[in-house]
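Enquirer: After the structure tokens below, expect a handful of questions from me.
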Amino acid sequence: MGPADLLRLAAFIARVARFPHGLGPDPSVVERRDARIADGVACDEYLPCGQKPRCAAVLVHGMTPNGKAEPRLEHFARAAARAGVRCLVPHLAGLADCRWDPADLEDLADAVRSAAETGPGRPGLVGFSYGASHALLVAARPDVASLPRFVLAFGPCRSIRELHEHYRTAWTKAPASDAERDDRIYARLVLAWRHRETLRLPAAAREALDDLLRRYCHAATMAEKQAVHDRYVRDLELPPAEGDDATQAAFAALSPAGRLSALRCPVSLVHDRHDFVVPSGHSEALFEELHGLPGGERHRLLPTTLLQRRETTAIPPVGELLRLFGALAPLLGRD
């Protein structure tokens, strides 16, 4: 990587770290909303203004009612587009409704095919949280595996069943920190939203949960989060998992564990060491699995505190920063 590439990468990371202060459109980026591809999948597109993009990437949102309009994802896409990346961001209906829906994988596969057809070049796949798991699964599909140039997965879930067991055993323990308390509230809000029909949540509760989940990680105070949780969620009997066959099948279909053998591109796993919603052990187990496959030496694992769920570390360790540079470099066009 030459000096010019390092400068572009450093500028990109600096822009990403400005969230939420950099929230809003960037005059250096062209944004096209709700373009339709394949079978009607809605995608947003971000392009550098006044220049041809150097490369392309498909960005995958996590489990949030905002879907592709998640403010943190929009901010990331704008920063990447400004660095020369054409970003295609599909809206995945299941994740946007906090549901496990295998149909999301079909929509994401269509987005990857569209990005590969229109370029420039083979696209990268960048996923966040549960969207990172979706990115890994789609990149490992035999009908898609030749298309992605890389996968960059931030905080992926290895096994949904294991994740629900983690929640089941953790609810009875006191949170170890304010950050963990924040993550626990988030996880419980998501579970309540997912089961809102079964729980027969009243209209006022649904409106409050929907509003808070949309703003949770960038525009809501801890006091507000606690108040909504205590009023609407604290006393609910939240089912950590259902026993019906359809749900269990969805858990299996959407869990990357044991299903990545067809991957043909390098993978970088970046995970917050203190993440409660998806513990970093999920990435560690995925890395061990990937490292045991042919070509496993290409893959990277970065447990870190640099890209926390809500804030960046003020003074990052130099070694972690260098490894983050290595993980992010393919996004800007360097393998």
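Enquirer: Within the range 90-146, how many residues are of a type in the set (Val, Ile, Thr) and within 24 Å of Leu209 (Cβ to Cβ)? Don't jump to the end; show me each part of the working.
Expert: Taking the range 90-146 first, the residues of a type in the set (Val, Ile, Thr) are 112, 118, 126, 138, 144.
Retained after the next criterion (residues that are within 24 Å of Leu209 (Cβ to Cβ)): none.
Total meeting the criteria: 0.
Enquirer: Next question. What's the number of the only condition in (1) more than 14 Å from Tyr186 (Cα to Cα); (2) among the charged types (D, E, K, R); (3) surrounded by 14 or more Cβ atoms within 10 Å (Cβ to Cβ) that Lys225 fails to meet?
Expert: (1)
Enquirer: Looking at Ala219, is it at pLDDT below 95 and crowded, with 16+ Cβ neighbours inside 10 Å?
Expert: No.
Enquirer: Within the range 87-98, is even one residue buried (at least 20 other Cβ atoms within 10 Å of the Cβ), at pLDDT below 95 and over 30 Å from Arg323 (Cα atoms)?
Expert: yes
Enquirer: Shifting gears a bit: Just give me the residues in the range 251-285 being buried (at least 19 other Cβ atoms within 10 Å of the Cβ) and among the acidic types (Asp, Glu), in sequence order.
Expert: Of everything in the range 251-285, those that are buried (at least 19 other Cβ atoms within 10 Å of the Cβ) and among the acidic types (Asp, Glu) turn out to be Asp272, Asp275.
Enquirer: Listed residues Arg231, Arg168, Arg181, Arg188; which is modelled with pLDDT under 90 and outside any loop (DSSP other than H, G, I, E, B)?
Expert: Selected residue: Arg168, the only one of Arg231, Arg168, Arg181, Arg188 that is modelled with pLDDT under 90 and outside any loop (DSSP other than H, G, I, E, B).
Quick grid of which residues meet (1) without any contact (Cβ under 8 Å) to a residue 60 or more places away in the chain; (2) hydroxyl-bearing (Ser, Thr, Tyr); (3) touching a Gly at 6+ places or on another chain (Cβ under 7 Å):
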| position | (1), (2), (3) |
| --- | --- |
| Ser114 | no, yes, no |
| Thr118 | no, yes, no |
| Gly124 | no, no, no |
| Gly131 | no, no, yes |
| Val138 | yes, no, no |
| Arg141 | no, no, no |
| Ser146 | no, yes, no |
| Arg149 | no, no, yes |
| Ala153 | no, no, yes |
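Enquirer: Further question: Go through the range 128-147 and give me each residue that's within 30 Å of Cys217 (Cβ to Cβ) and in a loop (DSSP other than H, G, I, E, B). Spell out the reasoning first.
Expert: Our first condition is that a residue be within 30 Å of Cys217 (Cβ to Cβ); within the range 128-147, this holds for 128-141, 144.
Listed by number, the residues that qualify are Ser129, Ala140, Arg141, Val144.
Enquirer: What number goes with the only condition from (1) over 23 Å from Pro90 (Cβ atoms); (2) touching a residue at least 60 places away in the same chain (Cβ under 8 Å) that Phe19 does not pass?
Expert: Against the list (1) over 23 Å from Pro90 (Cβ atoms); (2) touching a residue at least 60 places away in the same chain (Cβ under 8 Å), Phe19 comes up short only on (1).
Enquirer: I need the helices (runs of 4 or more DSSP H) fully contained in the range 57-127, keeping only those with at least 1 residues that are hydroxyl-bearing (Ser, Thr, Tyr).
Expert: 103-118
The values are calculated or read from the model by the stated rules, or taken from the named source; none is laboratory data. All values reported here derive from a predicted model rather than from experimental measurement. Don't worry about glycine lacking a Cβ; one is built from the backbone with ideal geometry, like all the others, and counts go over all protein chains shown.
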